[in-house]
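Remarks on the structure that follows.
The values are calculated or read from the model by the stated rules, or taken from the named source; none is laboratory data. Here the structure is a predicted model, which means the values were calculated and not measured. Don't worry about glycine lacking a Cβ; one is built from the backbone with ideal geometry, like all the others, and counts go over all protein chains shown.
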Amino acid sequence: MTRILVVDDEANLRHTLGYALRQEGYEVVAVEDGEQAVESVTHVRPELVILDIMLPKIDGFEVARRIRRDSDVPILMLTARDTELDKVVGLEIGADDYIAKPFSMREMIARVRALLRRAAHRQAPAPLEGAHTVGELLVDRTRHRVRLGGREIDLKPKEFDLLAFFVAHPGQAFSRSQLLESVWGFDFAGDERTVDTHVKGLRAQLGDTAARPRWIETVRGVGYRFREAPAPGRV
């Protein structure tokens, strides 16, 4: 049975959400603060984490950061404020999706199902297994490793997936919607700014800039293109 960890300090919401998820056939573990959440991820081993931002002891952003150090479990963040800043910060630290309170239970269940489907797809054998090299950049999907000029690069799970897709298709321009469908899955419930956030993270890790890109070019009116050979510059 698929196990879901619900982290929220509101008892009524934990009860309501837990009941709805159990009705869908999921096993639910519910905790009320950030410390319990970090411990539960280690001991409970959930397949999905529903994580509120405003939590006692440790806030949701820090909980997500700690989870991402050791796990790529899908994280669906809850925010009481439908602000762009909360969404961008959540995505940058490794969250997979977000939903603003108050939300409909139908939308919540749909997002949960979509995240679990994408996680199952990610765990299946990848069609682009093996190592791909562009210039001094090596992306090894089999070992889940990235090296740049002999230096190991530590990427978040979705940053790695995006880079692996780029490296497997050098020179091709992709729209944000095409990247969402190819990397996140056709049923991703977020918006196209997710791609921009992850490209920004990749550029930072690769020593790239939007103004003078060595690796990832912005194609005006289209989206992004990974260079077939890196532009001259410092590794």
Take Asp86 and decide whether it is of a type in the set (Asp, Glu) and either under 21 Å from Arg118 (Cα atoms) or at pLDDT 90 or above (or both). no
Just checking, which of Ile53, Ile67 is aliphatic (A, V, I, L, M) and more than 22 Å from Leu155 (Cβ to Cβ)? Ile53
Do we have any residue at all in the stretch 218-234 that's outside the structural domain of Asp72 (by TED's automatic domain parsing), at pLDDT below 85, basic (Lys, Arg) and at negative phi? yes
For residues in the stretch 132-144 being modelled with pLDDT of 90 or more and under 21 Å from the mean Cα position of the chain (by Cα), which is surrounded by the fewest Cβ atoms within 10 Å (Cβ to Cβ)? Asp140
Going by the conditions given, is Pro74 crowded, with 19+ Cβ neighbours inside 10 Å and either assigned by TED's automatic domain parsing to the domain that holds Lys200 or closer than 28 Å to Lys200 by Cα (or both)? yes
When every residue in the stretch 211-233 that is assigned to a strand (DSSP E or B) and charged (D, E, K, R) is compared, the one surrounded by the fewest Cβ atoms within 10 Å (Cβ to Cβ) is Glu217
Could you check, for the stretch 17-40, whether at least one of its residues is surrounded by 23 or more Cβ atoms within 10 Å (Cβ to Cβ), within 19 Å of the chain's Cα centre (by Cα) and not assigned by TED's automatic domain parsing to the domain that holds Lys156? yes
Picked from the stretch 1-13 (must be part of a loop (DSSP other than H, G, I, E, B) and either more than 22 Å from the chain's Cα centre (by Cα) or hydrophobic (A, V, I, L, M, F, W, C) (or both)), the residue farthest from Ile99 (Cα to Cα) is Met1
Just one of the numbered conditions (1) at pLDDT 90 or above; (2) outside the structural domain of Leu17 (by TED's automatic domain parsing) is not true of Val112; which one? (2)
Residues of the stretch 185-195 classified as closer than 22 Å to Val139 by Cα and either modelled with pLDDT under 85 or surrounded by fewer than 17 Cβ atoms within 10 Å (Cβ to Cβ) (or both), total: 1
Conditions (1) touching an Asp or Glu at 6+ places or on another chain (Cβ under 8 Å); (2) at pLDDT below 95 -> Ile50 fails only (2)
Which residue is nearest to the chain's Cα centre (by Cα), if the candidates are limited to the stretch 145-175 and must be of a type in the set (A, V, I, L, M) and closer than 12 Å to Ile216 by Cα? Leu162
